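One structure below.
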Amino acid sequence: MSEQTLAPPATMPPVTWRAPTAEVPPVRIVLIGVAVLFIGVFLGFPLLVVFFEAFLNGVGKYFETFADSDTQAAIRLTLLVAALAVPANLIFGISAAWAIAKYDFRGKALLITLIDLPFSVSPVIAGLIYVIMFGAQGYFGDWLKANNIQIIFAIPGIVLATIFVTFPFVARELIPLMEEQGTQDEEAAISLGASGWQTFRRVTLPNVKWGLMYGVLLCNARAMGEFGAVAVVSGHIRGLTNTMPLHIEILYNDYQWVAAFTVASLLALLALITLIVKTLLEWRFSDELANGPR
Amino acid sequence: MTAIAIGTWRKPSIIPGFGLTFGFLMVYLSLIVLIPIALLILRTTQLSWAEYWAIATNARVVAALRLSFGAALIAAAINTVFGIIVAWVLVRYEFPGRRLADAIVDLPFALPTAVAGIALTAIFAKNGWVGQYTEPLGIKIAYTSIGVVIALTFIGLPFVVRTLQPVIMEIERETEEAAATLGASRRQTVFRVVLPTLVPALLTGFVLALARGIGEYGSVVFIAGNLPYRTEIAPLLIVIRLTEFDYNGATAIATIMLAISFVMFLAINLIQVWARRRFGYV
């Protein structure tokens, strides 16, 4: 063997080799183009339109909208409703995840299905069920009237409907995560003499904190933005039972176009922040999140 | 795993707190979800079968259900076709803006439906961003059933994409390599090896998008026009019945929709049972 045969040929032909498990570049470019265009047109475009329409009459007009007392009342009510509904579902979610993930019992799958039930019910029906219970002609209508308690067309109804539509968010995030983590850490803590509460606070909670935050984030976004369920139970009383999404509808139907988009832009901003934090959590702590389809 | 002793419903555990957390779970679940839904269904017993049937077959109700179902079906089909392209591109290709595109797919989950509704109307109405160009061509989008389909397409996309993505990620490249070494062209590999394994996930995503579309309210009412018999969706008809204080009418329509949701739910579970048997994944 001579040295020359081992040396590479002086002129290599240009490499046009392509992995047989990849699409040819033109197909690839077309597919990327179609996907980006579809996302851009159907998702990105509406989002941009919200902000564009909100600032149509300039920054001054934009901030003038928030001077309106009905708008302020709507923002306050939305914050109040979220402040009641999210913690309620947070406590429920933790409780449900503890009971389901840390123990073995029969009927677990059915229980998880029932917890997910509110996701497959139309939001309008979510409102309707409380009207049927607490409305004037509802099951408890007469009793509530006799005792002068108002639930429907009042804040309690709005809170209930919001709790219903955001019911599964925290639980469905925590259950798979805590199931994955098993019970060894907790068993070790208990056998070393920790109480149940100490075990939860010092062992379980640190293990699931990012998953918990993820669930609360999505729960909150939905709680502040819910429209259908709340529309059914609210009665649309301006300044009293109008949440931000309902206020948007009223402004829109009043032909206060820019004002409607101004309030909408606030909720769109909340959605953007939610998406950003969610994406950051997924990048940074993907190992500490449950990886189900969402 | 050790077998559960006969007669014991729960496997013993040294971790405390089962009674408290399980009790709270059951009470909360019952009060918020189960009892109200049961009472809604019970309410229909106030109607005779003839009355119930009369409401269910009322022309306006049938038209509303048909629109909700039909538009959701078309939107879910659109999302299935584009959803697979989007999911494929996001998993398999690297390109500038991929992460942004991936993040924005979840927008319909995060953006309140009313906001989506007015934004889509602003785009497709007569003097809107797109509407001003389509209306002179005779294509009316807002306030027609096309508008309903567009709103439901917006709402349904993440269901298809997020169901497909993990499954595409799990595909073993070796099977594609095997197909290629056996002489299959890329097209043959994709259509005869890759796509068939995605069918269960595609079907699941399709049904999820369909179920969501049938019940959707907020994003649709702004763009739909809401004309009885023509552009009135079933959830809106429930709201209208309620404002007329016709609780029985609202309840009857609601139970029909609940039944449809239940069928969808069964379909998803059957697809998953079938997929587990056929492909060994969920």
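Looking at the stretch A:162-187, I want the residues that are facing chain B (nearest Cβ under 10 Å) and touching a residue at least 12 places away in the same chain (Cβ under 8 Å) and have a partner that is among the charged types (D, E, K, R) and surrounded by 18 or more Cβ atoms within 10 Å (Cβ to Cβ) with Cβ atoms under 6 Å, at least 6 apart or on another chain. Which pairs are those?
A:183/A:102
I'd like the full set of residues that are among the hydrophobic types (A, V, I, L, M, F, W, C), more than 14 Å from chain B (Cβ to nearest Cβ) and surrounded by fewer than 20 Cβ atoms within 10 Å (Cβ to Cβ), limited to the stretch A:41-82. Spell out the reasoning first.
First, pick out the residues of the stretch A:41-82 that are among the hydrophobic types (A, V, I, L, M, F, W, C): A:41-43, A:45, A:47-52, A:54-56, A:59, A:63, A:66-67, A:73-75, A:77, A:79-82.
Now narrow it down to the ones that are more than 14 Å from chain B (Cβ to nearest Cβ): A:59, A:63, A:66-67, A:73, A:77, A:79-80.
Answer for the stretch A:41-82, where residues must be among the hydrophobic types (A, V, I, L, M, F, W, C), more than 14 Å from chain B (Cβ to nearest Cβ) and surrounded by fewer than 20 Cβ atoms within 10 Å (Cβ to Cβ): A:59, A:63, A:66, A:67, A:73, A:79, A:80.
Would you confirm, using the coordinates I've provided, whether residue A:81 is farther than 30 Å from residue B:128 by Cβ and under 27 Å from the mean Cα position of the chain (by Cα)? Lay out the reasoning, then the answer.
Working: farther than 30 Å from residue B:128 by Cβ: yes; under 27 Å from the mean Cα position of the chain (by Cα): yes.
For residue A:81, the condition - farther than 30 Å from residue B:128 by Cβ and under 27 Å from the mean Cα position of the chain (by Cα) - is met.
For residue B:102, which of the numbered conditions (1) of a type in the set (Asp, Glu); (2) crowded, with 18+ Cβ neighbours inside 10 Å; (3) within 7 Å of chain A (Cβ to nearest Cβ) fails to hold?
(3)
Residues that are in contact with a Phe, Trp or Tyr (Cβ under 7 Å, 6 or more places away or on another chain) and either touching a residue at least 24 places away in the same chain (Cβ under 8 Å) or over 30 Å from residue A:194 (Cβ atoms) (or both): does the stretch B:61-72 have at least one? First the steps, then the outcome.
Step one: list which residues in the stretch B:61-72 are in contact with a Phe, Trp or Tyr (Cβ under 7 Å, 6 or more places away or on another chain), which gives B:63.
Subset that is either touching a residue at least 24 places away in the same chain (Cβ under 8 Å) or over 30 Å from residue A:194 (Cβ atoms) (or both): B:63.
Yes: one or more hits.
What is the number of the single condition among (1) within 12 Å of chain A (Cβ to nearest Cβ); (2) under 30 Å from the mean Cα position of the chain (by Cα); (3) not aromatic (Phe, Trp, Tyr) that residue B:178 does not meet?
Checking residue B:178 against (1) within 12 Å of chain A (Cβ to nearest Cβ); (2) under 30 Å from the mean Cα position of the chain (by Cα); (3) not aromatic (Phe, Trp, Tyr), the one that fails is (2).
I'd like the full set of residues that are more than 11 Å from chain A (Cβ to nearest Cβ), over 21 Å from residue B:72 (Cβ atoms), outside any loop (DSSP other than H, G, I, E, B) and among the aliphatic types (A, V, I, L, M), limited to the stretch B:113-150.
Matches in the stretch B:113-150: B:137 only.
Do we find that residue A:183 is among the β-branched types (Val, Ile, Thr), out of contact with any Pro (no Cβ under 9 Å at 6 or more places or on another chain) and over 22 Å from residue A:166 (Cβ atoms) in this structure? Full working, then the answer.
Details: among the β-branched types (Val, Ile, Thr): yes; out of contact with any Pro (no Cβ under 9 Å at 6 or more places or on another chain): yes; over 22 Å from residue A:166 (Cβ atoms): yes.
Considered against the rule, which asks whether it is among the β-branched types (Val, Ile, Thr), out of contact with any Pro (no Cβ under 9 Å at 6 or more places or on another chain) and over 22 Å from residue A:166 (Cβ atoms), residue A:183 comes out as yes.
With the requirement that a residue be more than 8 Å from every other protein chain (Cβ to nearest Cβ), open to solvent by less than 20 Å² (accessible area, probe 1.4 Å) and of a type in the set (A, V, I, L, M, F, W, C), what does the stretch B:151-162 give you?
Keep residues of the stretch B:151-162 that are more than 8 Å from every other protein chain (Cβ to nearest Cβ), which gives B:151-152, B:155-156, B:159-161.
If we keep only those that are open to solvent by less than 20 Å² (accessible area, probe 1.4 Å) too, we end up with B:151-152, B:155-156, B:160-161.
Passing the criteria: B:151, B:152, B:155, B:160, B:161.
With a cut-off of at least 1 residues that are open to solvent by 10 Å² or more (accessible area, probe 1.4 Å) and touching a Gly at 6+ places or on another chain (Cβ under 6 Å), name the helices (runs of 4 or more DSSP H) lying wholly within the stretch A:195-294.
Values: elements: A:196-199, A:205-225, A:228-234, A:244-253, A:257-285.
Output list reads A:196-199, A:228-234.
Could you check the stretch B:39-60 and list, in sequence order, the residues that are away from chain A (no Cβ under 14 Å) and either open to solvent by less than 80 Å² (accessible area, probe 1.4 Å) or of a type in the set (A, V, I, L, M, F, W, C) (or both)? Show your work before the answer.
Our first condition is that a residue be away from chain A (no Cβ under 14 Å); within the stretch B:39-60, this holds for B:48-60.
Selection gives B:48, B:49, B:50, B:52, B:53, B:54, B:55, B:56, B:57, B:58, B:59, B:60.
Name the residue, out of A:217, A:240, A:205, that is within 20 Å of residue A:93 (Cα to Cα) and touching a residue at least 12 places away in the same chain (Cβ under 8 Å). Lay out the reasoning, then the answer.
Details: A:240 fails: within 20 Å of residue A:93 (Cα to Cα); A:205 fails: touching a residue at least 12 places away in the same chain (Cβ under 8 Å).
So the residue among A:217, A:240, A:205 that is within 20 Å of residue A:93 (Cα to Cα) and touching a residue at least 12 places away in the same chain (Cβ under 8 Å) is A:217.
Right, residue A:38: open to solvent by 50 Å² or more (accessible area, probe 1.4 Å), at the interface with another protein chain (Cβ under 7 Å from one of its Cβ atoms) and either in a helix (DSSP H, G or I) or at pLDDT 95 or above (or both) or not?
On the way: open to solvent by 50 Å² or more (accessible area, probe 1.4 Å): no; at the interface with another protein chain (Cβ under 7 Å from one of its Cβ atoms): yes; either in a helix (DSSP H, G or I) or at pLDDT 95 or above (or both): yes.
Judged against the criteria, residue A:38 is not a match.
Applying the selection to the stretch A:83-94, what residues are crowded, with 22+ Cβ neighbours inside 10 Å and either of a type in the set (Gly, Ala, Ser) or modelled with pLDDT under 95 (or both)?
Scanning the stretch A:83-94 gives A:85, A:93.
What about residue A:173, is it modelled with pLDDT under 95, open to solvent by 10 Å² or more (accessible area, probe 1.4 Å) and not hydroxyl-bearing (Ser, Thr, Tyr)? Can you show your working first?
Details: modelled with pLDDT under 95: yes; open to solvent by 10 Å² or more (accessible area, probe 1.4 Å): no; not hydroxyl-bearing (Ser, Thr, Tyr): yes.
No: the conditions fail for residue A:173.
Name every residue in the stretch B:105-143 that is polar (S, T, N, Q) and open to solvent by 30 Å² or more (accessible area, probe 1.4 Å), in order of residue number.
In the first step, residues of the stretch B:105-143 are kept if they are polar (S, T, N, Q); the result is B:113, B:121, B:127, B:132, B:134.
Correct list: B:127, B:132.
The values are calculated or read from the model by the stated rules, or taken from the named source; none is laboratory data. Please read all numbers here as calculations on a predicted model, not as lab measurements. FYI the Cβ positions are ideal-geometry reconstructions off the backbone, even for glycines, and counts take in every protein chain you see. Keep in mind that these areas ignore ligands, DNA and RNA; they rest on the heavy atoms of the full protein, side chains included. Shrake-Rupley method; radii C 1.70, N 1.55, O 1.52, S 1.80 Å.
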